Each structure stands twice: as structure tokens, then as C-alpha cells.
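Worksheet for the structure shown next.
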Amino acid sequence: MRAIERLAETAERCDRYRAAALSVGFVPTLGALHDGHVSLFRRAKSECDRVAVSIFVNPTQFGPGEDLAAYPRPREADLAACREAGVDLVFLGAAGEMYPAGFQTWVTVDELSRPLCGASRPVHFRGVATVVTQLLSIVRPHRAYFGQKDYQQSLVVRRLALDLHLGAEIRVLPTVREADGLAMSSRNRYLDAGARRVAPRIARALAGARELILGGEEHVEAVVARLRSDLEREGGLRIDYAEVLEAATLRAFEGGLLRRGPGGIVVAVAAHVGGARLIDNVVIAPGPG
Ligand code: AMP
């Protein structure tokens, strides 16, 4: 495995893979790797000849007052996890090279970036879309792998890859969870013992909402009310958002009525637990129409 700090060297090595007719799978990450990330590495490994991973705490996707400085950066453990998963190349991006003096080109994905995390983190998706565009342009993978845990991000990335003709197939894989249902996240490291006990309530509340919908509930308001009461019942958690939207577009359901038509339903939550802001979601597949 090669760990490379320079952007040009990363691009060159990936060029060489392609020139040798080797397919390239790519997984962008912020590091602080866990089994959720590793599931993406392994899938990439099983589908591609070479696997490239980037580890870059992208400053432009953090807003003022967010956890950019505190974000964990366990470089040696991260490299070991990559090596163990059979990753071929790790690009350790540096802000100075990704955003050199004079940088002024941004990628924004309009409508998909507005609701949910976009509403509470106004610059977040502009930063994500810009860095993912940069990374896909450097690595030029055949396939790039993302997690459903960051559902809105996966839609934003799919859209930009299509709209900018970047040529990578975007694959979105299921959320990997702890035994008690908590979605794995680098930010779970911020949870103390008390907060760690509260955090799985998010996954439980989402499962409850899913059951309600599958049981035939048709009113968005009823699902949201149940979700909010399940989340808030025992305290220790502050809701940022709890919403039920059209899964493909992130638009609200017309008239507040859930139609299990084309596109499906996403139930999405962001909540503050202890010092962490956690997100999770469930997607309910499209019904017969
Ligand atoms: P991050 O390092 O948080 O930016 O995540 C890098 C990639 O890993 C993103 O595509 C995430 O959606 C994905 N990811 C993060 N947590 C999980 C998880 N628990 N299960 C599956 N994928 C995940």
C-alpha cells in the first residue's frame, strides 16, 4: 500500500492503473476510520482491481463554530485499517494543495443541498460537492463508494457526478451499525458513557417510524410526531431535524400525504447528543405505486 501526500503523484499513479487496464474504485473519507468505512473499502476491493482511499479533513465543509479543529485524526491507525482492508493507495490530502492561494471555484448542487443538513449547515454541501469533484477529478475512478448513513450527501454526489459528466459510477452502501443499532460514525468518539447510552435512541426511533409507515400510516405529520416523541421521551437529546421526505428528491410530500409511489420515502434525523451532532436515516423503498 502507498500513502501519498502529493496530489500530482496520486493522479499519476491512478493514471497508471487505468493505462494498465485496471479498474479503480475510490472511497473518499475524513479519516478516523471505523467499520462503516471499511465496508466501503471491502466492497471496492471486491469490485475493482485497485482501491484508492482519500483521508482529508476538508475544511470547507465545516462551518464556523463546528468541530474542524477537534475532528479526530488518528493517522497511523487509519493507515493500518486501510492496509488491512487491502487498499492500494491512500491519498493524504493537504489543505494547502487542495485550496491553494487564489482558490475561487465552488461546486453547488442547488435543490438537493437545501433541506435537512443543508438548512442547519449552510456551507456544508458546497464544501462536500467541491472537494468530491476535486477528488474524482484527481483519481478519476471507475466507481466511487459512499455510505447511506450520509443519505443527503449521497444524493448530492450522484447529482454532481451526472451533471459534471465525471464518469464515475456512484455506489451507495448500507449503514453499518453497532450491536445496539447506533450508526457507526467518527463523531461517536465524542460521546461519553451517558451520551453513548442515549445515542441508540435515534436508530430505534427511526425503526419505529419505518414500522408506522409500513403499517399503513399515510400522514407525514403523524410519523413526525411519533418520531419526535420517541426521540425526546427520556431527555439527553436535542433534535436538529426529524423529517419525512421524498427519497429521490428530498421534497416534502404534497398535502403532507405519504404516497409510496416512485422514489420511496426517507426518514432522516439529526440530533445533538452530549457533545456530538449525529445523523441517521431509513429509506423505505418505493411501493407498487
Ligand atoms: P466520512 O469519513 O464521515 O466523511 O465518511 C466517508 C464515507 O463513509 C461516506 O461516504 C460515509 O457515508 C461513509 N460512512 C460513514 N459512516 C458509515 C456507516 N456507519 N456505514 C456505512 N458507511 C458509512
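The values are calculated or read from the model by the stated rules, or taken from the named source; none is laboratory data. Because the structure is a prediction, the values reported are computed rather than measured. As a convention, Cβ positions derive from the backbone with ideal geometry for all residues, glycine included, and neighbour counts pool all protein chains shown. Protein only, heavy atoms only, side chains kept; ligands, DNA and RNA dropped before computing areas. Shrake-Rupley method; radii C 1.70, N 1.55, O 1.52, S 1.80 Å.
For the reader, a short list of remarks on this structure follows.
- Within segment 27-46, considering residues that are more than 13 Å from the chain's Cα centre (by Cα) and open to solvent by less than 10 Å² (accessible area, probe 1.4 Å), the one farthest from the ligand (Cβ to nearest atom): A44
- Among the candidates S137, S186, the residue that is among the polar types (S, T, N, Q), within 30 Å of W106 (Cα to Cα) and more than 13 Å from the ligand (Cβ to nearest atom) is uniquely S137.
- Count of residues meeting criterion [more than 27 Å from G65 (Cβ to Cβ), part of a loop (DSSP other than H, G, I, E, B) and open to solvent by 30 Å² or more (accessible area, probe 1.4 Å)] in segment 235-262: 7
- Scoring R197 on the criteria (1) open to solvent by less than 70 Å² (accessible area, probe 1.4 Å); (2) more than 16 Å from the ligand (Cβ to nearest atom); (3) part of a helix (DSSP H, G or I) leaves a single failure, condition (1).
- Considering segment 172-183, and only residues there that are over 18 Å from A44 (Cα atoms) and touching a strand residue (DSSP E or B) at 6+ places or on another chain (Cβ under 6 Å), the residue that is nearest to the ligand (Cβ to nearest atom) turns out to be A183.
- The number of residues in segment 142-156 that are open to solvent by less than 10 Å² (accessible area, probe 1.4 Å), assigned to a helix (DSSP H, G or I) and near the ligand (Cβ under 8 Å from one of its atoms) comes to 1.
- Only one of the listed residues (E84, E169, E76, E97) is of a type in the set (D, E), open to solvent by less than 70 Å² (accessible area, probe 1.4 Å) and either in contact (Cβ under 8 Å) with a residue 40 or more places away in the chain or more than 13 Å from the ligand (Cβ to nearest atom) (or both). That residue is E97.
- Matching residues in segment 157-194 - criterion: being assigned to a helix (DSSP H, G or I) and not aliphatic (A, V, I, L, M): R158, R159, D163, S186, R187, N188, R189, Y190, G194
- No other residue among L206, L136, L214, L160 is closer than 19 Å to V244 by Cβ, surrounded by 21 or more Cβ atoms within 10 Å (Cβ to Cβ) and not polar (S, T, N, Q) apart from L206.
- So T29, is it farther than 19 Å from T175 by Cα and of a type in the set (V, I, T): no
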